[in-house]
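Remarks on the structure that follows.
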Amino acid sequence: MKILAEILIPVVLLIPSLASGNNDLPQFAGNIKSFKQVEHGIEISTENSAFQILCYSPEVIRVRITRGDSETDFSYAVIQSPAGKFNSLKDTKDSLILFTDSLRVIVIKQPIRIKFQNLKGVTLSEDYSEINTSWLGTEVTCYKKLFADEKFIGLGEKNGPLNRRGNAYENWNTDIPSYSEKEDPLYQTVPFFIGIHDNVPYGIFLDNSYRTRFNFGASTDDQFSFFSAVRGEMNYYFFGATTVAAIIKDYTWLTGRMKLPPLWSLGYHQSRWGYYPESEFMSVARKFRDKKIPCDGLWLDINYMDAYKIFTWHPADFPQPKKMLDQLHQMGYHVTTIVDPGIKIEKGYFAYDEGVGNDYFVKYPNGRFYTGSVWPGRCHFPDFTKESVRKWWGSSFKYLIEPGIDGFWNDMNEPAAWGQNIPDILQFDFDGYKSTMAEAHNIYGLEMSRATFEGTKQLLNGRRPFVLTRAGFSGIQRYSAVWTGDNTATEKDILMGVRLVNSMGLSGIAFTGADIGGFMGSPSKELFIRWLSVGVYTPFFRNHTEIGSLDQEPWAFGEEFEGIAKTMIEFRYRLIPYIYSVFYEASLTGMPVARSLAINYTNDRRIYEWKYQNQYLFGPGILVAPLTSDQKFCKVYLPEGRWYRVSSGNSYEGPVEIIVDAPIWDLPVFVKESAIIPMQGIVQNTTENPSPILEIHIFNGSQKNSFTYYEDDGETYNYEQGDYHLRVISFDPVSRSIRLAKTEGSFKSKFSSVNLLLHDFGNITGIKVNGRDQTLNVKSEKEKMAEFPLKDEMIEIKY
Ligand code: GLC
């Protein structure tokens, strides 16, 4: 039967070309007719299409399939050009085989099908043998064989389980308030996923911004998976590195990485739609300081504007923005304001006049400006795919930066207009290539964020801007942090937010968060506290809610809960040295801050189980088991190695499934054996100097480990000129030593001494610091401490 099928396949694939007359029938790529080698790969002609297979690096291969004439090669996501070359090409009777140092790309000739193998001969991914790349009208689809144990992770901000097998998704950025757990699509498009089977991962990124679909074996009888785009090219990148982390590193090499954000953006943020007038906003600011609840960021939503006109201030409610912002800066705050793309149609409003006068707005093909309604009423929309528009938009932030705004919140940029169906026919410049809303829709948020980031970076004269966006596309991490839009104050939303954050992390976006407490509706005090405790371990830590909901500040739930909230937020601030170092790593490698366990424990089947799929590592050493507030105890799965519960110090040998208490003030959080966690004393915000003592916590274990500790001024780009402070801290249980390597960089650390905290090191009573004996103070049964000066030279501790 199988043999018969194999003989029939080429015939079946040829049938559609016989069926001329009905363009709605599938058209297949067909057999290879000829090929030629080009600088970075090969170009192949088939009966109905043209293939380019290009080597970007030994692990990154691009496949570009077009029908007829190749379209202009243009991408808003990719920032690299092919940099590699295939080592050799073998032309056999049945196939062409291309080799890199890591991969073998086998192109079967009749009909054309591509197979990616590692050099051990393991097939990582291959086109499905019975249906291959084909078109239905303009829609192009690539079908891949589904492996028996194959799992799929990533795809950015998508609902559904960690393992996406058996599910299908669509990419079309959508304003979707109060979305449920099943809702798709949401606000962002990241057409990049990682497949895992036979204990090896691979990645695929479909670089096409039209409406795209991904089917991970939903309704295909476990035979195949596929991805498609309604128009444009089948243009994908294959990633063949051997670990999930290395694939994320390659994907963020291709599409770019986050630059180090300002330090203040890693603190706690308080937001609400409806902080106005100034007196109310200032009273929130004062309350945090009076109550000594740490806070770095205060946020102004649409009400700071005059009639929701972008780049304006409300004359009565915020009459003296500079004075107010000066005061807030003195109190240690940084302030972020919202901007939406819709420009109110109103003669005399400068942004409207400039936009019309300079042809900045999106138009219908007949030249009429598109009009849609959003908060300000009837609006026109900037065409961010035009360089002059991006420059204009970016420079308009002077109206916010001059009085003192520090952060820029890009909302409604799916783009959204009431009615939620902006016509596809609208025209876009596409940086000279010309296109329509059908192609521009999914990159609209990306290009708005780009314009915002580039413009504010210039205006801030060397200070780092902080940009937050709701919509985006692959590459958004270069410009902006992302939040998960309008969630709801429900238990389910806590865990849904965690999955979205973790999935974005797998997809190259490291700086993410969900509205703590829920945007729509009002949380109970328990729900709020539980959410806040998860927020402590979320890259972007912001409490935000809609207009009309009940108060949601940390003091809004009574004294007892205020105390709990304060302790939680304080703990976030104590972790800042660790968190900032983890952000530094993310900026270098793309490794996310919130790391789904699928990154480090890819081949451990249990982490994909429904009850454990939300667990993640926050940085390399802290495991978080997020929970709803109605669960007061829960099952946790701890992968291999020893784990310490943060609150009790109790240890567990993984892999193990345990049941733990989880009262509302104590989220189950564990530290991995051998972990190195730098911490500091409590501050009220990140502009305040912490106590000069850096705490370095080491949790005993059997594994060698190291952690790159990083500091800089947290504010400028001087670190790019070497003004940073970096040192590798390592722990070696075999030689019983802890080492703080000599520091690198010219920045002087905020800290002048160390408290070394040794957890679970048994009954040792003393250590040697650079050869000198030092007695340990006993902090608790399992925690011992030594204090010594923090010199820039190497410090070696023996125990
Ligand atoms: C959108 C945003 C939300 C914001 C509101 C008002 O719904 O997602 O965060 O508060 O608009 O601007």
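Brief remarks on what is shown
- Per-residue ³J(HN,Hα) for region 579-585, Karplus 6.51 cos²θ - 1.76 cosθ + 1.60, θ = phi - 60°, Hz, x for Gly and Pro: 5, 5, 5, 5, 5, 4, 4
- Distance between region 303-364 and region 678-697 - C-alpha centres, whole angstrom: 36 Å
- Too-long pairs where the Cα-Cα distance tops 18 Å, listed order kept, from 182/492; 145/182; 158/259; 309/347; 93/120: 145/182; 158/259; 93/120
- Beta bridges assigned by DSSP with both partners in region 330-454 are antiparallel in approximately 70 percent of cases.
- Applying both filters, DSSP loop and at most 16 other Cβ atoms within 10 Å, to the trypsin sites (Lys or Arg not before Pro) of region 351-439 gives 368, 434.
- Karplus-based coupling profile of region 545-562, in residue order and whole Hz: 8, 7, 6, x, 7, 5, 4, 9, 6, x, 9, 7, 10, x, 4, 4, 6, 4, with θ = phi - 60° in 6.51 cos²θ - 1.76 cosθ + 1.60 and x standing for Gly or Pro.
- Taking all protein chains together and rolling a 1.4 Å probe, residue 589 ends up with roughly 40 Å² accessible.
- Only one residue of 300, 89, 30 has its Cα farthest out toward the positive end of the dipole of the chain, where Lys and Arg carry +1 and Asp and Glu -1 on Cβ, and that residue is 89.
- Cα gyration tensor shape of the chain, rounded if a/c is under 1.5, else prolate or oblate by comparing a/b with b/c: oblate
- By the rule of a C-alpha distance below 19 Å, with chain neighbours fewer than 8 residues away ignored, the lysines paired with residue 750 are 742, 791.
- Farthest toward positive dipole pole in the chain [+1 Lys/Arg, -1 Asp/Glu at C-beta], among 536, 766, 667: 766
- The distance from the alpha carbon centre of region 414-473 to that of region 569-631 is 30 Å, rounded to a whole number.
- Cα gyration tensor shape for region 702-799, rounded if a/c is under 1.5, else prolate or oblate: prolate
- In a simple Cβ point-charge model (Lys, Arg +1; Asp, Glu -1; nothing else charged), the chain has a dipole of about 1340 debye relative to its Cα centre.
- Under Karplus coefficients 6.51, -1.76 and 1.60, residue-wise ³J(HN,Hα) of region 237-249 in Hz, glycine/proline x: 10, 9, 10, x, 5, 8, 10, 4, 4, 5, 5, 5, 4
- When +1 charges are put on Lys and Arg Cβ atoms and -1 charges on Asp and Glu Cβ atoms, the dipole computed for region 692-780 relative to its Cα centre reaches about 560 debye.
- Cross-link pairs exceeding 24 Å between alpha carbons, from the set 672/798; 33/90; 291/457; 322/398; 611/672; 398/748: 291/457; 398/748.
- In this calculation the C-beta distance from residue 102 to residue 716 is compared with R0 = 30 Å, giving a FRET efficiency of 0.20.
- Residues of the chain: accessible area per residue with a 1.4 Å probe, Å²: 37 Å²
- In this structure, the amide hydrogen of residue 671, modeled 1.01 Å from its nitrogen in the peptide plane, lies closer than 5 angstrom to those of 623, 644, 645, 646, counting only residues at least 5 positions away or on a different chain.
- Only protein heavy atoms count here; on that basis, with a 1.4 Å probe, residue 560 has an accessible area of about 130 Å².
- Over the chain, Cα pairs under 8 Å with separation of 6+ residues give a relative contact order of 10 percent.
- Calculated FRET value between residue 74 and residue 366, using beta carbons and R₀ = 30 Å, to 0.05: 0.75
- Rounded to the nearest 10 square angstrom, residue 258 shows an accessible area of 20 square angstrom against a 1.4 Å probe.
- Global geometry of region 490-575, whether rounded, prolate or oblate, following the gyration tensor of its Cα atoms and the 1.5 cut on a/c: oblate
- Projecting the Cα atoms of 777, 79, 433 onto the charge dipole of the chain, computed from C-beta unit charges around the Cα centre, puts 777 farthest toward the positive end.
- Note on region 46-195: with charges restricted to the Cβ of Lys and Arg (+1) and Asp and Glu (-1), its dipole about the Cα centre is near 660 debye.
- Counting protein heavy atoms only, the chain has 49 percent of its accessible area on carbon and sulfur, 1.4 angstrom probe.
- Chymotrypsin sites (Phe, Trp or Tyr not before Pro) restricted to region 213-321 and DSSP loop, no more than 13 other C-beta within 10 Å: none
- DSSP bridge pairs, the chain: antiparallel proportion in percent, nearest 5: 80 percent
The values are calculated or read from the model by the stated rules, or taken from the named source; none is laboratory data. On a predicted model such as this, the values are computed, not experimentally measured, just so you know. Note that we place each Cβ from the backbone using ideal geometry, even for glycine, and neighbour counts take in every protein chain shown. The accessibility values were calculated without ligands, DNA or RNA, using every heavy atom of the protein model including side chains. Shrake-Rupley method; radii C 1.70, N 1.55, O 1.52, S 1.80 Å.
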